[in-house]
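The values are calculated or read from the model by the stated rules, or taken from the named source; none is laboratory data. Keep in mind that this is a model prediction, so the values were computed, not measured. We place every Cβ from the backbone using ideal geometry, glycine too, and count neighbours over all the protein chains shown.
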Amino acid sequence: MTGLHIFDPIQDCEIRTTAKLVKDLNGSSKVHFIQIDRLDPPKKQAIQYLNVERYGKPGAQLPYIPRRTYAYYYLNDEMPLYKALINVSEKRVIANQATPEGTVGPLLPEDMGAVEEAIMKHPRVLAEIAKLKIDELSYHHSRLGKLGYSVVCEPWMYGTDSPNEKIPLIQAYMYMKLDHPEANHYSIPLRFSPVFEYLTHKFVRIDFLPAGADEKYIAETMAYQQLETVEYHPDLIQEPEQREGLKPLIVSQPEGASFEVDGSKIKWQGWEFRVSTNVREGVAIYDVHFKGRSLFYRFSLQEMTVPYADPRAPFHRKQAFDLGDCGFGNTANSLALGCHCLGVIKYQDLTRADQDGNPVLMPSTVCMHEQDYGLLYLHKNYRNGNTVTTRRREFVVQTIATVANYEYIMNYVFDQAGAITVQVRATGILSTMPNDESNVTDFSTIVGPGVTAPFHQHLLSFRFDTRLDGDDNTVVYDDYVPMEENTALNPYNVGYCQKRTFLENSGYIEQSPFTNRTYKVINENSINPVTLKPVGYKFEMPARQMILASKNSYNVKRARFATQQFWVTKYHDDQLYAAGEFTNQSQEDTGLSKWADGTESVRNTNTVVWPTLALTHAPVTEQFPVMTSDFLQFLVTPASFFTKNPALDVPLANNNFNKSVYYEDAQKSAGLASKGSSTAAPCCKSNI
Ligand SMILES: [Cu+2]
């Protein structure tokens, strides 16, 4: 394991060592692992390492920092949940203890598969399925002919509605589908929902789902009354009309990529950072520099909660924590050429552990590539007609998670001017509920016969460990306010100014879109010689509605981070996840609400900022049976960090480089007729 960087992802041998040490610790008990991964080193040590790496004399010895791992596990499939910390470099256990009573660990893909299988075999479930009488039914497909039906079980995290639930449970939502591998089961939600113990697969009960105005309207399982399904797969769409006219658009990089890769390290257009996969977050970005200046120690998406609006039991418990409960790495897609991104692509793998502590390789869960995104800057000197134009090239780090019905496409986009765009696209299939015919509600949208999609919110928490020009940073917010009227300074009453507020203690900053409130991280020890003010970066967040559930609800008690858009804490090792380390069936948030309690100074110190991106999602019929990406983003951009535009060194655009062609010429060389002739002026006329 020599030669690994402190931020490199976990290795196979580290997973095996961790598993062996934990098994040795527990004698003959059956160890059921549910997560093994790498832990960052204590930051103080890591900073020493990074400083020697970056500023040390050539060949300087990097400080030795042992690599650490953690393991969550159960013994003999019983509570409690244990957590072990391992010094994997020296093959020894640092700590091992039971978590507090009732703490439920995250879900593991194999375990979800096993519980699903057990549910589908259980006599009580089979008895409900029998009542549907689907063996007697067939569906006539216009192209495929006669199709039967089958039943699908989708295990969900149970959520929380009682302090007495102290064992891991699973709520299974049941569906039917046409008997075809690509059929859309979300189109036929069933009205019974088995609850099972997660670890022992013991039957707990069957919940019957309301499909009417309120939760009182539930019914025994009845024979299925056939309805038209809404299918998305081309094999099943009844009259597939493949849209015509699309010609190939090929991203060609004949001279190779403009980025360099050295292990987990990326260099591109002045940027330097490390990209490291992990099971919980999918990917994290480390040690971020632009043009030799430090910006961030680490950033990532580290939690998302998706609370549903449907107030009827058992839907009131529908609240996913997609990272804490499942993990964006555990659920990551293997990305493929020509599909998830175009051009010259560098992929990174992820390694996770199965329940026995064996490494499982998940290939290509992160893709990295460059893309063109319009213009970076342009100015035409109208006096002489000359134009300076630069194309905006971007570097994208992408990972995609499939958490049951939904897909989340996570992009960190770096530009050539020192800015980062954090983009999330939600796609996939809406989580659906059974619906009585003509039952129209104000908390869901009917999307097909017998099926409705409840409103819900996506609240994503990012964590940026700031290191702008050094370790001590400060968080401020700037409001833009009119000056006092009829004063000596403002006799014409047009003046307005920036009102800066310093955040002295840990806490949150409220949104204020009507004062154009802007959150900034500054370094009070680094003064921009041009502005004579501290250098900074701003977080440009769209004004959004935060969590809608009552503050007295479990939904909010478990995810206080979702009540505010921008949180600030002082750095502490192991304060990584906004809703706390363990979210599955949690009773309360053990994260930001505890850490951002106003008791610690965050001025001119090691600050961490936690932006929350929010989407209140009221489904529409165009989002079914599959949803075109819904788009969320915020920008992290320099705010007088540099003394001038840092992209002045980007070469000007010209067609010798970009090789665009006239429409008429392209049509002609493709053997296609074209009307008209090419009369456009040459692009980017310039005397420079
Ligand atoms: Cu949604």
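For T501, indicate whether it is more than 25 Å from the chain's Cα centre (by Cα), within 16 Å of the ligand (Cβ to nearest atom) and farther than 30 Å from N411 by Cβ. Judged against the criteria, T501 is not a match.
For the range 467-479, the candidate set comprises residues that are touching a Phe, Trp or Tyr at 6+ places or on another chain (Cβ under 6 Å) and part of a strand (DSSP E or B); within that set, the residue that is surrounded by the most Cβ atoms within 10 Å (Cβ to Cβ) is Y477.
Scanning the range 255-272 for residues that are under 23 Å from L335 (Cβ atoms) and either within 16 Å of the ligand (Cβ to nearest atom) or touching a residue at least 60 places away in the same chain (Cβ under 8 Å) (or both) yields G256, A257, S258, F259, V261, G263, S264, K265, I266, W268, Q269, W271. Taking the criterion of being in contact with an Asp or Glu (Cβ under 8 Å, 6 or more places away or on another chain), within 14 Å of K594 (Cβ to Cβ) and part of a loop (DSSP other than H, G, I, E, B), the residues of the range 544-573 that qualify are R558, A559. Scanning the range 192-208 for residues that are in contact (Cβ under 8 Å) with a residue 40 or more places away in the chain and among the charged types (D, E, K, R) yields one hit, D207.
Residue by residue, here is whether (1) in the same structural domain as E116 (by TED's automatic domain parsing); (2) at pLDDT 95 or above; (3) in contact with a helix residue (DSSP H, G or I) (Cβ under 9 Å, 6 or more places away or on another chain) holds:
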| residue | (1), (2), (3) |
| --- | --- |
| Y186 | yes, yes, no |
| H201 | yes, yes, yes |
| Q225 | no, no, no |
| E228 | no, no, yes |
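For every residue, the table says whether it meets (1) away from the ligand (no atom under 16 Å from the Cβ); (2) in the same structural domain as Q371 (by TED's automatic domain parsing); (3) among the aromatic types (F, W, Y); (4) buried (at least 21 other Cβ atoms within 10 Å of the Cβ).
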{"site": "T421", "(1), (2), (3), (4)": "yes, yes, no, no"}
{"site": "E437", "(1), (2), (3), (4)": "yes, no, no, no"}
{"site": "T441", "(1), (2), (3), (4)": "yes, no, no, no"}
{"site": "V451", "(1), (2), (3), (4)": "no, no, no, yes"}
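Residues in the range 482-494 include at least one that is assigned to a strand (DSSP E or B) and on the phi < 0 side of the Ramachandran plot. Could you tell me whether the range 230-238 includes any residue that is modelled with pLDDT under 90 and surrounded by fewer than 18 Cβ atoms within 10 Å (Cβ to Cβ)? Looking for residues that are modelled with pLDDT under 90 and surrounded by fewer than 18 Cβ atoms within 10 Å (Cβ to Cβ), one finds at least one in the range 230-238, hence yes.
Evaluated against (1) under 24 Å from the mean Cα position of the chain (by Cα); (2) within 16 Å of the ligand (Cβ to nearest atom), E370 falls short on exactly one condition, (2). Hey, does the range 590-597 have a residue that's surrounded by fewer than 22 Cβ atoms within 10 Å (Cβ to Cβ), touching a residue at least 12 places away in the same chain (Cβ under 8 Å), within 16 Å of the ligand (Cβ to nearest atom) and on the phi < 0 side of the Ramachandran plot? The answer is no, given that none of the residues of the range 590-597 is surrounded by fewer than 22 Cβ atoms within 10 Å (Cβ to Cβ), touching a residue at least 12 places away in the same chain (Cβ under 8 Å), within 16 Å of the ligand (Cβ to nearest atom) and on the phi < 0 side of the Ramachandran plot.
Filtered by the rule that a residue be within 16 Å of the ligand (Cβ to nearest atom), outside any loop (DSSP other than H, G, I, E, B), more than 22 Å from the chain's Cα centre (by Cα) and not acidic (D, E), the range 598-631 gives a lone residue, T621.
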